[in-house]
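Comments concern the structure below.
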Amino acid sequence: MDAQTTQSYSKPLYILGPCSVENRAQMLGTARKLKQHIQHPFLLRGGLWKPRTRPGAFEGLGKQGIDYLIEAAKDIGVDPITEVARASHVESCLQEGFRHLWIGARTTVNPFLIDELSEALRGTEVMIFIKNPVNRDVGLWIGAIERLERAGCSTLYAIHRGFSAIDNTAYRNPPYWQLSLEFQRQRPDIPMIGDPSHMGGKRDLLDELSQQMGQLGYQGLMVESHIEPDQALTDAAQQVTPRHLASILQQVQWSDLHPKEGYSDDYINNQRHAIDSLDKEILLLIQERMNIAHDIGVYKQEENLAIYQPERWENTLTLALERGQQLGLSKAFIMELFQSLHAESIQHQFINKNKQ
Ligand code: PEP
Ligand code: MN
């Protein structure tokens, strides 16, 4: 990529390469194939420090692997990027002249580590990419950005890689899009790129997720690619060959985040008016629902009946899920909507005698 340490890269920004640096041949081989298949500029990624969720598996080459990453990047004329989680990692990378680093999801959760990294990065011009924390906490993500900013790091990107889920889902780390959108609402100045590899956790999901991120107006993608994906020592199921990756990237439509200057569109404006009035109606209906809940609350109190009636809630939810399905609304949405309605309804049924 061009020597560029200023604000941001033009869209789309790609960060491509294997999950882990494994050996010289794997790194050089992957880099050369990437260069051959992908005409667009990119940063070459490779993880060096890879403590896995449970110990015992391949844990990365550490500092020993740094030369392989640098050599491969030089060989194809791009910049290398790796993950740092400790001040010692930052020092090793700075010594080697790295201009790009990323912070992983397990690090963003920890303000102690972020402080340590911020201090190690103070006074440098490194471009830093901060992944969302593993847990669904936008505040921690923004907090990490702020800590880095306080240390004078001003070239920052966010990476959306999905969040841990308790339930079984199709994804390794479900997107919970509303959280990345909330991040962008609070920090529209920080460009957002997507990591469909760690989000999907499997090759089959890369295509769809990448396209969705393009349509959401993201600035770029970090995607894992390996010369022999099935032999990869880490994250084999989600890595793809450089050729496969090229075909995925070709399908992505990079939508503009903001309308062009002077843009006005009668069709969208009319449709938005319709949405606004529907939203108003929805709120009025919810208010009506809560008024009824309140009256029931008064009655339950007189009859000494608990607010929460398990059978009733079970029936309400089952009915809503059935109707939702008929109406083409997802199960996850209906669950969230009704759990939220129910929680609000309970609030309206609490009768505070002192306030009556
Ligand atoms: C990675 O990109 O190699 C990685 C470990 O990702 P995450 O922090 O998103 O789990
Ligand atoms: Mn990985």
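Worth pointing out:
- Some residue of segment 348-355 being at pLDDT below 95, surrounded by 14 or more Cβ atoms within 10 Å (Cβ to Cβ), touching a helix residue (DSSP H, G or I) at 6+ places or on another chain (Cβ under 7 Å) and not in a helix (DSSP H, G or I): yes
- Residue in segment 325-334 that is aliphatic (A, V, I, L, M), under 23 Å from ASN168 (Cα atoms), at pLDDT 95 or above and in the same structural domain as MET290 (by TED's automatic domain parsing) present: yes
- Helices (runs of 4 or more DSSP H) contained in segment 175-216 and holding at least 1 residues surrounded by fewer than 18 Cβ atoms within 10 Å (Cβ to Cβ) and more than 16 Å from ligand 2 (Cβ to nearest atom): 177-186, 206-215
- Looking across segment 61-88, not a single residue is within 14 Å of ligand 2 (Cβ to nearest atom), over 20 Å from THR241 (Cα atoms) and touching a residue at least 40 places away in the same chain (Cβ under 8 Å).
- First in segment 217-240 and on the phi > 0 side of the Ramachandran plot, second anywhere and within 10 Å of ligand 2 (Cβ to nearest atom), Cβ under 6 Å, 6 or more apart: ASP235/CYS19
- Residue check, LYS300 farther than 27 Å from ALA170 by Cα and either free of Cβ contacts under 8 Å to residues at least 60 places away in the same chain or of a type in the set (Val, Ile, Thr) (or both): yes
- All of TYR263, TYR267 fail the test of being part of a loop (DSSP other than H, G, I, E, B) and free of Cβ contacts under 8 Å to residues at least 60 places away in the same chain, apart from TYR263.
- Number of positions in segment 217-229 that are away from ligand 2 (no atom under 15 Å from the Cβ) and under 23 Å from ILE81 (Cα atoms): 5
The values are calculated or read from the model by the stated rules, or taken from the named source; none is laboratory data. Computed from a predicted structure; not experimentally measured. All Cβ positions, even for glycine, are placed from backbone atoms using ideal geometry, and neighbour counts span all protein chains on display.
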